[in-house]
1. Amide H to amide H under 5 Å from Gln105: which residues, 5+ apart in sequence or cross-chain, H placed 1.01 Å off N in plane?
2. What is the distance, in nm, between label points placed 7 Å from the Cα along the Cα-to-Cβ direction at Asp16 and at Thr120?
3. Multiply the residue separation of Leu168 and Ser56 by 0.36 nm, subtract the distance between their alpha-carbon atoms, and state the gained length in nm to one decimal.
4. Based on the mean of other beta carbon atoms within 10 Å per residue, what is the order of 62-69, 78-85, 189-196, most packed first?
5. Mind checking which of Cys156, Cys25, Cys91 has the largest fluctuation in a GNM of the chain, springs on alpha carbons under 10 Å?
6. Could you tell me the center-to-center distance, by alpha carbons, between region 160-197 and region 218-232 in angstrom?
7. Please identify the GluC sites (Glu not before Pro) of region 170-236 that satisfy two criteria: DSSP loop assignment and at most 11 other Cβ atoms within 10 Å. Which are they?
8. If you average the C-alpha positions of region 109-152 and of region 47-67 separately, how far apart do those two centres end up, in angstrom?
Amino acid sequence: MTHGRCLCGTVRYEVDGPFLNMLHCHCSMCRKHHGTPFATWTAASLAGFRYTAGESAVVRYDSSPAFHRSFCSLCGSVAPEGIEAMGMVICPAGNLEEDPGIAPQLHMFVGSKAPWYTITDDLPQYPEYPPQFGMSATPRPAVETSGDSAQGSCLCGQVAYEISGPPLRMYNCHCSRCRLGRSAAHASNVFYKADGFRWVRGSELVQEYKLPEAQFFGTAFCRRCGSELPRVSIERGVAVVPAGSLDTNPGIEPAAHIFAASKAAWDRITDSLPQFDEMPPRN
Ligand SMILES: [Zn+2]
Ligand SMILES: [Zn+2]
Ligand SMILES: [Zn+2]
């Protein structure tokens with residue numbers, strides 16, 4: 001039995017039975033919904049899946065005629081999707097509490113991967129769905145950007161933001177809070193000075209969740225589609241931007257893996273970036 005939960009702990013579920021496959025998806029919808037360079041999904045039989053708490057807090061957003069995406073309405077964590085026609089449930093691996101006993105097998109939608117993210121492992125890569133899935137992609141128009149500021153938006157497009165000024169730094173964070181909050185292997189956050197940040201539209205749809213026991217940790221997401229969004233930390237004077245939500249290339253790449261000692265059992269770091277067990281030392 002494998003258990004899963006959202007960041008705030010309201011939504012909980014269990015999966016009885018083996019996971020059948022696991023993959024990394026780099027499509028623009030996964031990147032926006034999770035705010036990360038890719039989402040990692042693992043599939044199991046739908047018959048073995050059940051919510052044990054908080055199902056009523058799960059909100060569904062119809063991202064295309066064929067697909068929908070679900071999330072916890074309190075904290076924004078991505079929730080599993082049951083696919084009745086295939087008898088399967090697909091779970092965001094970042095929300096699983098135990099080792100699911102399976103490792104990622106491939107990368108898909110690398111044709112739309114983030115320009116600032118480099119794949120360094122040796123898994124097979126497919127531009128869209130792997131041929132064995134027998135599925136075709138729903139084309140999505142590129143989001144228009146203008147000027148030279150950094151710009152981003154949510155999946156439904158109702159929330160957009162822009163940031164002036166250069167990025168300060170970017171990290172891949174593997175801590176358990178980031179894994180639960182982003183529902184992914186790790187967060188990839190770009191930090192900007194807070195005073196350069198502004199919402200262009202939809203700020204009334206931005207919901208924040210602050211982890212009660214944490215000094216700073218929180219998330220922000222679109223109430224309508226659940227996409228992870230920037231969170232401005234006035235206390236620290238920074239805007240923490242989930243890089244997957246950006247529509248422009250931030251012109252910076254991750255400088256390190258932080259909290260690498262807490263990474264998921266199924267997550268393999270194969271690049272040559274510095275790794276820190278927790279935070280990097282201040283200099
Ligand atoms: Zn939650
Ligand atoms: Zn995807
Ligand atoms: Zn949205």
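1. Placed amide hydrogens put Met22, Leu23, His24 under 5 Å from Gln105.
2. 4.2
3. Difference between extended and current length: 36.4 nm.
4. 189-196, 78-85, 62-69
5. Result for the chain, Cα springs under 10 Å: Cys156 fluctuates most.
6. Taking the Cα centre of each part, region 160-197 and region 218-232 sit 12 Å apart.
7. Glu213, Glu235
8. Each part reduced to its Cα centre gives a spacing of 24 Å.
The values are calculated or read from the model by the stated rules, or taken from the named source; none is laboratory data. Worth saying up front: this structure is predicted, and the values here are computed from it rather than measured. Note that each Cβ is placed from the backbone with ideal geometry, even for glycine, and that neighbours are counted across all protein chains shown. To get the accessible areas, we keep the full protein, side chains included, count just its heavy atoms, and leave off ligands, DNA and RNA. Shrake-Rupley method; radii C 1.70, N 1.55, O 1.52, S 1.80 Å.
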